[in-house]
Amino acid sequence: YDDRDGSIWLDGKLVPWREANVHILTHALHYASSVFEGERAYNGKIFKSREHSERLLFSGNELDIPIPYTVDEIEAAKYETLEASGLKNAYVRAVCWRGSGDDMGVASAKNPVRMAIAVWEWGAYYGDAKMVGAKLDISRWKRPSPETIPCFAKAAGLYMICTMAKHEAEAKGCSDAMMYDHRGYVAEATGANIFFVKDGVVHTPKPDCFLNGLTRQTVIGMLKDRGIEVVERHIMPEELDGFEQCWLTGTAAEVTPVGQIGEHTFEVGELTRSISEEYEKLVRS
Ligand code: PMP
């Protein structure tokens with residue numbers, strides 16, 4: 001993705017895409033001192049833009065990566081980058097990391113905190129799964145406990161688990177993996193939250209050791225506005241068989257139906273379809 005035309009916002013100004021580079025001895029490259037955001041712009045407007053900028057600052061704070069910009073400054077930088085891209089519908093990636101310092105140790109408190117924003121076109125995250133329902137593997141990798149890592153931050157380090165899970169899933173012909181948490185409860189997919197439907201009631205894992213996605217919160221609001229009961233709770237693996245419908249939510253994934261998780265199958269039902277459509281309408285309005 002480095003050899004392209006365009007501009008990337010780097011440490012306060014737009015630079016040519018190909019020149020937006022960092023040094024090999026960047027702390028983040030060795031020790032994962034990096035936090036980021038994934039956002040989508042629709043018709044030139046970034047959905048929940050401020051909430052994403054606030055989450056970026058929260059993530060930086062959690063990982064002791066003090067981001068030297070305010071929410072307003074981040075907002076201005078994201079829109080500057082989006083406008084420079086000429087794109088109206090795009091994915092927006094903001095990333096902050098610890099740069100190179102005086103030595104190469106684990107400690108990075110004296111290393112500069114750097115920031116970049118890139119914007120590109122990104123279509124349906126799960127391809128045609130949006131129509132037919134994604135097939136998910138069940139990962140052997142677990143979401144860690146809040147005592148192990150700041151698991152509510154959107155931190156690069158946490159994504160190694162996701163990448164390993166996703167590689168194994170793809171090797172088995174699946175689009176993604178569902179992960180259990182450290183206690184064995186159903187948690188989420190590698191870049192999206194998960195919902196289930198049974199007897200007209202929606203069940204979704206309680207976000208007590210993973211990202212409470214902005215899309216997740218939006219979808220819960222939409223369901224409640226319709227008067228549908230949403231239960232946030234711990235979900236056991238053996239319950240999967242009893243659910244009728246399943247979908248994933250995420251900025252990139254939007255609302256994607258799930259057709260299969262391991263041996264368990266789900267119908268792409270009426271509620272899944274209509275929530276997916278309502279989300280599409282909302283983000284574009
Ligand atoms: N969980 C993980 C691991 C993710 O990467 C994402 C995408 N940011 C989500 C959940 C969903 O979060 P959001 O709806 O805020 O994009």
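Please treat every number below as a calculation from the coordinates, not as lab data. Because the structure is predicted, anything quoted here is derived from the model rather than measured. Methodologically, a virtual Cβ is constructed for each residue, glycine included, from the backbone with ideal geometry; neighbour enumeration extends over all protein chains shown.
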Calculate the tail of P(r) for the chain: the fraction of all Cα-Cα distances greater than 23 Å, expressed in %. 56 percent
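Here are some pairs, Lys88/Lys135; Lys130/Lys281; Lys135/Lys198; Lys166/Lys206; Lys48/Lys135; which of them have Cα atoms lying more than 26 Å apart in this structure? Write down the numbers at each step before the final one.
Values: Lys88/Lys135 30 Å; Lys130/Lys281 15 Å; Lys135/Lys198 19 Å; Lys166/Lys206 22 Å; Lys48/Lys135 28 Å.
Violating the 26 Å Cα-Cα cut-off are Lys88/Lys135; Lys48/Lys135.
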Computed over the chain: longest principal axis from alpha-carbon atoms vs helix 159-171 long axis, angle to nearest 10 degrees, is 50 degrees
Going residue by residue through region 3-9, the Karplus relation 6.51 cos²θ - 1.76 cosθ + 1.60 with θ = phi - 60° gives ³J(HN,Hα) values, rounded to whole Hz and with x marking Gly or Pro, of 9, 9, 7, x, 10, 10, 7
Please compute, for the alpha-carbon atoms of region 129-284, the extent along each of the three principal axes and give them in descending order in Å. 38, 31, 30
Extending each Cα 7 Å along its Cβ direction at Leu25 and Asp225, get the distance between those two points in nm, one decimal. 5.3 nm
Over region 1-154, with a single point scatterer placed on each C-alpha, what log10 of the ratio I(q)/I(0) does the Debye formula yield at q = 0.14, 0.16 1/Å? -0.80, -1.01
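Excluding Ser175 itself, calculate the net charge of residues whose Cβ lies under 13 Å from the Cβ of Ser175, where each Lys or Arg counts +1 and each Asp or Glu counts -1.
So the environment of Ser175 carries a net charge of -1.
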Which residues in region 245-285 place their backbone N less than 13 Å from a point set 7 Å from the Cα of Val132 along the Cα-to-Cβ direction? 259-260
Using modelled amide H (1.01 Å from N, peptide plane; none on Pro or chain starts), what sits under 5 Å from the amide H of Arg40, excluding residues fewer than 5 places away? Phe47, Val92
Using 0.36 nm per residue of separation minus the Cα-Cα distance, give me the extension gain between Ser274 and Glu121 in nm, one decimal. 52.5 nm
The distance between the Cα centres of region 196-260 and region 25-99, in whole Å, is 26 Å
Under a point spin-label approximation (7 Å from Cα along Cα-to-Cβ), what is the Gln217-Met104 distance to one decimal in nm? 4.1 nm
